[in-house]
Amino acid sequence: MDNIHVSGRRESEARLERRGVKPTANRVLVMEAILSAQRAVSLADIEAILGTVDRSSVFRTLGLFVKHHVVHAIDDGSGSVKYEACDSHDDCSVADMHTHFYCEVCHRTFCLKTIGVPVVDLPAGFVTHSINYIVKGICDKCSAAGTVAGE
């Protein structure tokens with residue numbers, strides 16, 4: 001086992017333990033898959049990365065991760081929820097929320113972590129738990145290739 005894999009496994013275990021999630025073998029594998037993708041990933045993406053873990057186990061693990069704020073779910077309008085690791089060490093909070101870009105050509109969702117979401121001043125008594133801010137268009141690679149949506 002190489003040092004990169006060992007450090008990735010340790011990072012995954014530490015993230016899970018910080019959120020009170022027991023780091024079982026499957027949970028660590030799913031966390032490693034999410035972190036290694038370096039973008040928001042769907043259930044199908046995680047299945048493709050892992051190959052050997054069955055869909056129901058991955059689905060249950062993702063539900064547990066969302067519940068314990070290990071990851072946040074992103075509805076990018078594609079019909080397939082995407083998941084991304086929360087960056088903060090305490091809780092997956094509104095501060096973790098950032099803009100996402102959905103490419104209408106390659107159907108990938110990109111995290112634009114340097115672009116915050118607009119602050120919405122809610123009426124008294126309303127409490128924000130999450131923000132889902134999606135920009136849709138054509139990503140840099142598809143744009144450079146001259147591909148247009150719908151082709």
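Scanning the range 123-149 for residues that are free of Cβ contacts under 8 Å to residues at least 12 places away in the same chain, small (Gly, Ala, Ser) and under 23 Å from Asp45 (Cβ atoms) gives Ser143, Ala144, Ala145. Mind counting the residues in the range 1-35 that are out of contact with any helix residue (DSSP H, G or I) (no Cβ under 7 Å at 6 or more places or on another chain), modelled with pLDDT of 90 or more and polar (S, T, N, Q)? Count: 1. Of the listed requirements (1) surrounded by fewer than 16 Cβ atoms within 10 Å (Cβ to Cβ); (2) closer than 22 Å to Ala44 by Cα, Val120 misses just one: (2).
Tell me which residues, restricted to the range 15-38, are in a loop (DSSP other than H, G, I, E, B) and over 15 Å from Ile49 (Cβ atoms).
Listed by number, the residues that qualify are Arg19, Gly20, Val21, Lys22, Pro23, Thr24.
At pLDDT below 85, assigned to a loop (DSSP other than H, G, I, E, B) and surrounded by 15 or more Cβ atoms within 10 Å (Cβ to Cβ): is that true of Cys111 in this structure? When the stated conditions are applied, Cys111 does not pass them.
Within the range 96-117, the residues that satisfy the criterion of being touching a strand residue (DSSP E or B) at 6+ places or on another chain (Cβ under 6 Å), within 18 Å of Val81 (Cβ to Cβ), without any contact (Cβ under 8 Å) to a residue 40 or more places away in the chain and not β-branched (Val, Ile, Thr) are His98, Phe101, Tyr102.
Just to be sure I understand, how many residues within the range 73-108 are in a strand (DSSP E or B) and modelled with pLDDT of 85 or more? Number of matching residues: 11.
With respect to the stated conditions, Ser78 fails to be polar (S, T, N, Q), loosely packed, with under 14 Cβ neighbours inside 10 Å and over 13 Å from the mean Cα position of the chain (by Cα).
Identify, please: which residue in the range 38-51 is among the small types (Gly, Ala, Ser) and crowded, with 19+ Cβ neighbours inside 10 Å and is, among those, nearest to the chain's Cα centre (by Cα)? Break it down into steps so the answer makes sense when it comes.
Narrowing the range 38-51 to residues among the small types (Gly, Ala, Ser): 40, 42, 44, 48, 51.
Among the residues that remain, those that are also crowded, with 19+ Cβ neighbours inside 10 Å are: 40, 42.
Working: Ala40: 4, Ser42: 8 Å.
Of everything passing the filter in the range 38-51, Ala40 is nearest to the chain's Cα centre (by Cα).
Anything in the range 123-138 that is in a loop (DSSP other than H, G, I, E, B), over 18 Å from the mean Cα position of the chain (by Cα) and surrounded by 10 or more Cβ atoms within 10 Å (Cβ to Cβ)? List them, or say none.
From the range 123-138, those in a loop (DSSP other than H, G, I, E, B) are 123-133, 138; that's our starting set.
Keeping just the survivors that are over 18 Å from the mean Cα position of the chain (by Cα) gives 123-128, 138.
Correct list: Thr128, Ile138.
With respect to being of a type outside the set (Val, Ile, Thr) and either buried (at least 20 other Cβ atoms within 10 Å of the Cβ) or touching a residue at least 12 places away in the same chain (Cβ under 8 Å) (or both), Glu32 fits the description.
Of everything in the range 37-80, what is touching a residue at least 24 places away in the same chain (Cβ under 8 Å) and farther than 24 Å from Lys136 by Cα? Give them in sequence order. Answer for the range 37-80, where residues must be touching a residue at least 24 places away in the same chain (Cβ under 8 Å) and farther than 24 Å from Lys136 by Cα: Val53, Ser57, Val58, Thr61, Leu62, Leu64, Phe65, His68, His69, Val70.
Among residues belonging to the range 52-72 that are outside any helix (DSSP H, G or I) and hydrophobic (A, V, I, L, M, F, W, C), point out the one that is surrounded by the fewest Cβ atoms within 10 Å (Cβ to Cβ).
Residues of the range 52-72 outside any helix (DSSP H, G or I): 52-54, 68-72.
Imposing the further condition that a residue be hydrophobic (A, V, I, L, M, F, W, C) reduces the set to 53, 70-71.
Values: Val53: 17, Val70: 25, Val71: 27.
By that ranking, first place goes to Val53.
The values are calculated or read from the model by the stated rules, or taken from the named source; none is laboratory data. Computed from a predicted structure; not experimentally measured. When we count neighbours, we look across all protein chains shown, and the Cβ atoms used for this are built from the backbone with ideal geometry, even at glycine.
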